[in-house]
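Asker: The structure that follows is given in the form of structure tokens.
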Amino acid sequence: MKKMKKLPISISNFETLITGNNIYVDKTRYIHQMVSEGMFYFLSRPRRFGKSLLVSTLKALFEGRKELFKGLWIENADWEWKQHPVLQIDFNGISSATPENLQQSLLDTLSLLGKKAGVPLTSSLLRNCFTELIVGIFEKHQQKVVILVDEYDQPLISHLGKGKAALEIAKQNREVLREFYGVLKGGNVNEALKFVFLTGISKFARVSIFSELNNLNDLTMHPAYAAILGYTQEELETILGDFLKKLSKNRKESYQAVLDKIKVWYNGYRFTREDNVVYNPYSVLYVLQRETFENYWFETGTPAFLVNLVKERQYSVPLMETLELSQQDFAVYDLDHLKLEPLLFQTGYITIKGLEGDLYRLSYPNQEVKTSFLDYLYDRLIDMPDSTLKAQYKKLHLYLSQEQFDLFIGTVNAILSAIPYPHVYDQDEHYYHTVFYLMLSASGVLVHTEVLTVRGRIDMEVHFQDKVYIVELKCNQSAEQAIAQIKAKKYYEKHLHSGKKVLLLGINFSTREKRVEDWRVEVVDG
């Protein structure tokens, strides 16, 4: 009986993965297409999405390691299998606490690469040193050089959302990177380069690779490369099928039930206009190994700088479910004018859900991201000293599902009254909408906000297996007015034949009393 291959948990080195009898989801067809069509490339994807493994795979290909690609698509393609010198630079391993650290760490890295290649470097200037290395290797081997840069923007990302002093360090680091990457556009190295590939999270302005490398091909939203990273439905079911069957058996759930649950939890990432959706590879591998559904990807790194931007700008969190962006919004970002929405997209917290003309509709990709991100936001934005009281929001799910409205409103009011004043947000309708939404969503309730109907937008829909709530929120008005608006706009109509109980919930907040002043519930007769 053939031995089952292993799951490549936390393996980002291609050689280690292949020689260790691990599963490899074959992406070599995309690599072949990329190399055949151009020379300078950039790809942005969220963390833990396989960027480092892709870089390592490119390295093995350009080094002519054909033995590692046995049985893969590219083995029988027209790849030349010629050995090229490869310079791989991983910014995760480069110090960038200050611009001086960054400069010295880069010089040390280049010096080490030079020693390994047998090319001594004489210059102490970063730009000259990088040029010397590329040209020296080219002249020594009479082979063009491949440049692979992983997480090019780490010296910038690592300083965001940490205050003005940290932002200044990011700007100074940007100048160091501009000098470094500027080498790649210079005439001194043009003839020495075979292929250049950079990965990162975002496209930052004034780093020279985007402003000065006119021939840099950005694959981030290119339809042909939508699935270059992440797992497609077909890849999941064919390549990881044995592990899915094992998961189904051990959890005593049907194969289809397991597939459906994995889709809800970890699928949904879409990076292009075309409807090509992929799974988060990190979370999929972990759920197949540990056989329990948890927030694996989210727990590997918290989005502190994004939460700080939400705080600073008093951003309406409920709007993250129904964002609309134009193509221009995904352009290069400036450190001085960071846009939250495209950053949320490129870091993986929201994704493309569809298009309305030239506008992209965006929302959370899946259950893992939505529940964990909102729980994290709730914990950071609702800054109350009593952690026991703060945790009461977990019961909101139970109270609504059992229609225990007095307990539900009482818990909401207890939490609202304990939040210190003044808070990060101005206490207006926007504030109460945000806090109420965070309470519900973080409790595990399925909440949709700003739901579009032909008659207008519903504040919230709250879904359970057997019922749905149509919620309208008011400030300094009345619950009766909220119910009247739902009825006048007939927001409930689309649910009348769903087989679910339909309830209308009107809530009115008092900004003076800092609480729900009155509320009203009505059941709609089908």
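Readers should treat all values here as calculations from the given coordinates under stated rules, not as data from a laboratory. Fair warning: this is a prediction, and the values are worked out from it, not measured in the lab. Don't worry about glycine lacking a Cβ; one is built from the backbone with ideal geometry, like all the others, and counts go over all protein chains shown.
Asker: Once the cut-off is 22 Å, how many percent of the Cα-Cα pairs in the stretch 14-225 end up in the long-distance tail?
Answerer: The share of Cα pairs beyond 22 Å in the stretch 14-225 comes to 51 percent.
Asker: Say R0 is 45 Å: what FRET efficiency, to the nearest 0.05, do V523 and K252 get from their beta-carbon distance? Intermediate values should be presented prior to the final figure.
Answerer: Values: r = 37 Å, r/R0 = 0.82.
The computed FRET efficiency comes out at 0.75.
Asker: In debye, nearest 20: dipole of the chain around its Cα centre with unit charges on the Cβ of K, R (+) and D, E (-)?
Answerer: Values: 63 positive and 64 negative charges, 251 e Å.
With only Lys, Arg, Asp and Glu charged at Cβ, the dipole is about 1200 debye.
Asker: So what's the back-of-envelope 222 nm ellipticity for the chain, counting only DSSP H runs of four-plus at -39500 (n - 2.57) apiece and dividing by all residues, rounded to 500?
Answerer: Helix contribution divided over all residues of the chain: -11500 deg cm²/dmol.
Asker: What is the sum of charges around A257, taking Lys and Arg as +1, Asp and Glu as -1, for the other residues whose C-beta is under 13 Å from the C-beta of A257?
Answerer: My count for the surroundings of A257 gives +4.
Asker: Search the structure for amide H atoms under 5 Å from the amide H of K203, placed 1.01 Å from N in the peptide plane, and list their residues when 5 or more places away or on another chain.
Answerer: Here the answer is Y333, since their amide H atoms fall under 5 Å of that of K203.
Asker: Also: Per residue and in Å³, how big is the convex hull formed by the alpha-carbon atoms of the stretch 233-294?
Answerer: Value for the stretch 233-294: 78 Å³ per residue.
Asker: Using a Debye calculation, one point per C-alpha and no hydration shell, please list log10 I(q)/I(0) for the chain at q = 0.06, 0.07, 0.09, 0.12 Å⁻¹ in order.
Answerer: So the normalised log intensities work out to -0.35, -0.47, -0.75, -1.17.
Asker: May I ask for the net charge around H32, where only other residues with Cβ less than 14 Å from the Cβ of H32 are counted and Lys, Arg are +1 while Asp, Glu are -1?
Answerer: Net charge around H32: -2.
Asker: For the chain, with the dipole built from +1 on Lys and Arg beta-carbon atoms and -1 on Asp and Glu ones, taken about the Cα centre, which of H337, L102, I9 lies farthest toward the positive end?
Answerer: I9
Asker: Work from the charge dipole of the chain (Cβ charges, +1 for Lys and Arg, -1 for Asp and Glu, about the Cα centre) and give the residue of F210, T57, Y181 farthest towards its positive end.
Answerer: T57
Asker: Still on this structure, please answer the following. Report the gain in length on full extension from Q481 to E513: 0.36 nm times residue separation, minus Cα-Cα distance, nm rounded to one decimal.
Answerer: Between Q481 and E513, full extension yields an extra 9.6 nm.
Asker: Let me spell out the model: positive unit charges on the Cβ of Lys and Arg, negative unit charges on the Cβ of Asp and Glu, origin at the Cα centre of the stretch 233-294. What dipole size does that give, in debye rounded to 20? Provide the component values of the computation, followed by the final result.
Answerer: Working: 10 positive and 10 negative charges, 56 e Å.
Result for the stretch 233-294 is approximately 260 debye, rounded to the nearest 20.
Asker: For N190 and T238 in one chain, what is 0.36 nm times their gap in residues minus the Cα-Cα distance, to one decimal in nm?
Answerer: Separation in residues times 0.36 nm, less the Cα-Cα distance, equals 13.0 nm.
Asker: Give the aspartates and glutamates reachable from K162 as a straight Cα distance under 13 Å; neighbours fewer than 8 places away on the same chain don't count.
Answerer: E312
Asker: Another one. Which one of P303, L112, S123 is farthest out on the positive end of the charge dipole of the chain, using unit charges on Cβ (Lys, Arg +1; Asp, Glu -1) and the Cα centre as origin?
Answerer: Of the options given, the answer is L112.
Asker: Another one. In square nanometres and to one decimal, what's the mean projected area of the convex hull around the Cα atoms of the stretch 383-526?
Answerer: Numbers: hull surface 32.5 nm².
It is 8.1 nm².
Asker: Straight-line reach from K185: which lysines have Cα under 23 Å away, leaving out those fewer than 8 places along the same chain?
Answerer: In chain and number order, the partners are K59, K140, K144, K171, K194, K203.
Asker: So, one more: Determine the gain in length on full extension of the stretch Q142-S124; use 0.36 nm per residue of separation and subtract their C-alpha separation, reporting nm with one decimal.
Answerer: Working: separation 18, 0.36 × 18 = 6.48 nm, distance 2.52 nm.
4.0 nm is the gain from fully extending Q142 to S124.
Asker: Here is a follow-up. Sorted by average packing, counted as other Cβ atoms within 10 angstrom per residue and highest first, what order do 402-415, 219-232, 250-263, 433-446 take?
Answerer: Details: 402-415: 16.5, 219-232: 19.6, 250-263: 14.0, 433-446: 22.1.
Top to bottom by mean Cβ count within 10 Å: 433-446, 219-232, 402-415, 250-263.
Asker: Would you mind computing Rg(Cα) / (2.2 N^0.38 Å) for the stretch 243-400, counting N as its residues? If you can, show how the numbers build up before the last one.
Answerer: Values: Rg = 17.6 Å, N = 158, 2.2 N^0.38 = 15.1 Å.
Computed over Cα atoms of the stretch 243-400, the ratio equals 1.17.
Asker: To the nearest 20 Debye, how big is the dipole of the stretch 14-225 about its Cα centre, given +1 on the beta carbon of each Lys and Arg and -1 on that of each Asp and Glu?
Answerer: 340 debye
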